[in-house]
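Visitor: Quick one: the structure is below, and I'll ask about it shortly.
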Amino acid sequence: MVRIPPTTQLARDRIEVGVDESSGTRELWVFDPLLVGPAAHGGPMTLQVWRRDTSGTFRRVYAGEGPARSEELGAWGRVVFRS
């Protein structure tokens, strides 16, 4: 999971996550509880799920409030806000 730091200009403009294919990472979850991520592609989004396709490229398969399905874990994940 990648948490977007709310205090950086980078978080407001774009997200760059370098996940090398050799790491074996097949699924990436991005959690942005303060909605400070980029406005591109309908964002910011509270929760995004990205999966690596057969070409090795990450493709976003979910964006929203949740719940979302993790194929890697075989489970559902959801966002719960507590005060």
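Visitor: Skipping prolines and chain starts, which residues have an amide H placed within reach, meaning under 5 Å, of the one on Val61, given they are 5 or more residues away or on another chain?
Guide: Sorted by chain and number, the residues that satisfy this are Val49, Trp50, Arg51.
Visitor: Within 10 Å of each residue's Cβ, count the other Cβ atoms and sort Asp53, Asp32 from fewest upward.
Guide: Asp53, Asp32
Laboratory data are not the source of any read-out in this text; all were calculated from the coordinates shown. The structure displayed is predicted, hence computed values, not measured ones. As a convention, Cβ positions derive from the backbone with ideal geometry for all residues, glycine included, and neighbour counts pool all protein chains shown.
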